[in-house]
Amino acid sequence: MGTFAQFGNDLYTGKRSYNIVGKRKLWYIIAAVMIAISVIGPFARGGFTFGIEFSGGSQFQIIVGDGRDQAPAVDAVTSVVPNTVPRVMLVGNDSIRVQTEQLTDQQTGDVRAALAKAYDVKESSITSSFIGASWGQDITRQAIIALIVFILFATVVMALYFRTWKMSLAAIIALLHDLVITAGVYGITGFEITPAAMIGFLTILGYSLYDTVVVFDKIRENTGRGELNEARTFSSSVNLAVNQTLVRSINTSVVALLPVASILFIGAFVLGAGTLRDIALALFIGILVGTYSTIFIAAPTYAHLREVEPLVKKHDAKVRARMSASREQGPESRRTEPQPS
Amino acid sequence: MAKPAPVKKAWRSLVWLLVIIVALVGMNAFGVFTNKGSWTPQLALDLEGGTQILLAPQLESGQTVSGEQLQQAVAIIRQRVNASGVSEAEITTQGNQNIVVSIPGEPDQATLDRIQASSQLQFRPVLSASSATTQSATDGTGEDSTTPTPTSEAAAPTATPTAPGDPAWVTEELTNKFNSFDCSSKEALESGAAASKEPLITCDPYGMEKYILGPVEINGGVITDATAQPEVSSSGVSTGGWAVQIVMNGEGAKQFAEVSKRLYGAQEPLNRFAFVLDGKVISAPTMQGQITDGRPSITGGFTQEGAKSLADQLKFGALPIGFEVQSQDNVSATLGSNQLQSGLLAGLIGLILVVLYSLLQYRLLGLVTVASLSIAAVITYLLITLMSWQEGYRLSLAGVAGLIVAIGITADSFIVYFERIRDELRDGRGIESAVSSGWKRALRTILASDGVNFLAAAVLFILAVGNVRGFAFTLGLTTIVDVVVVALFTHPVLVLLSRTKFYSEGHRFSGLDPRQLGAVYRGRAQFKAPVSTDGKVNRSSREAAKRQTIAERKAADLAASGDSSASASSDSRKES
């Protein structure tokens, strides 16, 4: 990996530099388009697909083994509750899941017995659950409260830590971007939204900000009071920080994605739909988007917010003046930073 | 030769870490030794199999319950479940409004019905009382003003009873039933569901005394308040005991006045009335006066806690609470163990991938990552096992997912740290000082980012419901463990390693080779960062910045004088 380390070196010294902050208009446009798609897309598709936890109903899961056939399950359910249409799915590589409308306790028992007979398994090996219609709403309400409280807290904590509310604001903007896009992916692809997906969704909160804090810490270092470089505009200082932490960002997201990907893989292919897959899926999307947004949304937004400050403006003007002066003297006489275009 | 200070400090940190681990193992061993704990964490139902019922207590008026009412409701449910003889049932609250009942295996329908029945405080007249024969009659509570004594029933009349307090309720059949009534029998369990217009045979919650009670005379809803107060005698002198002061609304006062008129001076046990909560007599005092103002007080050998607990029961049990089943999950044991195995498998794969990646990225430094992750895993495992013994924490599938996700976040602290050290090396520091100054900067970042992560976990844990909590718990726990491991293991180990020949010479496979990191070797173990010509500014500590300025200037001079070793001087414009 000598080349990758070399890549890190070049980014650190500024030998190689991606002008991320300077091209912020491009990122803003991309973000706006992505958000628009994430908002409109789900509606165009006909809204989000909610799991049984939100609509209420009864659910059975049977471990059948090989030779899974869905027909006996339908017959078993209709033999107990004649006018219902059960949803029968194959789950993982050995199970069948049956979802019905809300059944009474009596019906639940009967359906279990019927299913056990139909698939010739023990009744005790059938998993059943009953979910009241308000359960999902309860979870959602609590999740939304948690979301709001967390954002408020995190804003204050970050503002105190970084000593500037502008970093807070930029980080939160990036966070909202992540949430909207992750939700959009769910809406557009039609993945079922379950309480477990909600967990993953809420975890993105923590992860997205976690990632942003690391990069912002470097930005803070590069642009701290009295440390604004004479040779760099504010934006290029921010840009340098982003570049210097780029290797870390890549390493971190890879390391964070590996376990999540393994949960996703196991969850989706071995267990089938369920807690693990739903958590991992939301996280997988969230980590990707979160890493992206730290670099391409949070940092440019912060630079943007700060650039309008009189002090920073004055500094940038001075840097530009000096640079154009040195350019007239001769391009090789002084090393200059790439300018935001 | 005396060891240098950082080395001493490093060893001290490692010793601390060892102390922590040994303490955790010791506590766990103590738990196992005393048969309360175990070496493995307890599993939640989705991993173990069993039934989980989520109940939402609701007041009949449609209001949601308050915190105290919820506690009351939990107490009622606990009593019902325990009385059903279900072992290892677990009752917890979730958020501020739900009660989770977890039962291993599959409960029968009767148990389920009993759990879901609604409850309300009722006043019933005592028609007969006797100490429960199946129990030794040691009165541990002393809640009543009369000592429980077996009493002969009033003559068994044949006339139809008219008023609730009419002894005519006590028929011969009822008397026989009463005499053979066992407080721990199955029948006793059903007492919560008794019809309010019928007499009731029941016990106190401890099975000390059994009663025949008349039909409900007053509903608990008339109680507006109940408080524990120091007992005062009629002359206004404090007796040193405690009393429960009840306040009733107007209607209650009127009804109670009538009852007290009838009961006062009546023959034992007809002079007693019972407060019945969920079919159990929580108190059955003797009427010692005519109370017409709706402010009766119960006295009789209360301790402060006893009075407080009765007052709470009266106050929060006053309103009828129904229990709506929000969800009921029955997980078969097969699926449970399936899920556990898959979860562990996913964790193992994730861990291996992370280890491989960090070895690839950080060479032998990756081994430090592996060791740190192992230490973190050991500490986390011990903590979770301890928590499940001490706090009754149960590891759920969502919790396992939280642990797996944490692998990434924990490994990231090491990445942040290693990258910082590399940055310092690129700035031309020697490895020892790179480790120490890299650590200072990295710690700040790690604390800040872990702080945000912990905040997220804490908010989720407090506010969210259901599975989310199990997830938030493990995520928050591992965040703390992460900080501990980075500070007490990763950093000290790096300090020690940086003094080994392998690292101080910057071996190619050490992951910290200055040459590979672009620092320019200038002889005699001094490295000059090529970037310094650029007047680099990212110094976290002012001090370092000041010290560096001279070096920078010198370097800049060198660059200006055409020293070609300052390689960064010419190629900056190529990217723009």
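Averaging the sequence gap over all C-alpha pairs within less than 8 Å and six or more residues apart, then dividing by the number of residues, gives chain A a relative contact order of 25 percent. Over what distance in Å are the Cα centres of the range B:2-53 and the range B:394-412 separated? So the separation of the two Cα centres works out to 17 Å. The trypsin sites (Lys or Arg not before Pro) of the range A:157-250 that meet both conditions, a loop assignment by DSSP and at most 15 other Cβ atoms within 10 Å of the site Cβ, are A:163, A:225.
I need the Debye-formula profile for chain A: one equal scatterer per C-alpha, no solvent, reported as log10 I(q)/I(0) at q = 0.07, 0.12, 0.13 1/Å, two decimals. Log-scaled intensity ratios, in q order: -0.43, -0.90, -1.00. With a cut-off of 15 Å between beta carbons, the residues surrounding residue B:470 carry a summed charge of -4, where Lys and Arg count +1 and Asp and Glu -1. Entry note, the range A:57-131: relative contact order of 45 percent, from Cα contacts under 8 Å with a spacing of 6+ residues.
What number comes out for the charge environment of residue B:317, summing +1 per Lys or Arg and -1 per Asp or Glu over other residues with Cβ under 12 Å away? Provide the component values of the computation, followed by the final result.
Values: positive: B:280, B:315; negative: B:68, B:278, B:312.
Neighbour charge sum, excluding residue B:317 itself: -1.
Please compute the average number of Cβ atoms from other chains found within 10 Å of each residue's Cβ in peptide B:420-428. Mind dumping the intermediate values first?
Values: counts 2, 0, 6, 8, 0, 1, 5, 2, 0.
For this peptide, the per-residue mean of nearby foreign Cβ atoms is 3.
Taking the centroid of alpha carbons for each part, the range A:7-79 and the range B:339-371 are 26 Å apart. P(r) for the range B:276-388, from all Cα pairs and a bin width of 10 Å, is 10, 19, 16, 12, 14, 13, 10, 4, 1 %, short bins first.
Residue by residue, the range A:291-301 carries 3J(HN,Hα) couplings of 5, 4, 6, 4, 6, 9, 10, 4, 5, x, 4 Hz when phi is fed to the Karplus relation 6.51 cos²θ - 1.76 cosθ + 1.60 (θ = phi - 60°); x denotes Gly or Pro.
Quick one: net charge around residue A:278, please, counting Lys, Arg +1 and Asp, Glu -1 for every other residue with C-beta under 11 Å from its C-beta.
Values: positive: A:277; negative: A:53, A:192.
Neighbourhood net charge equals -1.
The range B:253-325 and the range A:176-254 have Cα centres spaced 62 Å apart. Rounded to the nearest 10 square angstrom, residue B:340 shows an accessible area of 40 square angstrom against a 1.4 Å probe.
The values are calculated or read from the model by the stated rules, or taken from the named source; none is laboratory data. Just so we're clear, the structure is a prediction, and the values are computed from it rather than from any experiment. Backbone-built Cβ (ideal geometry, glycine too); neighbour counts: all protein chains shown. Side chains are part of the model used for accessible areas, which takes the heavy atoms of the whole protein and leaves out ligands, DNA and RNA. Shrake-Rupley method; radii C 1.70, N 1.55, O 1.52, S 1.80 Å.
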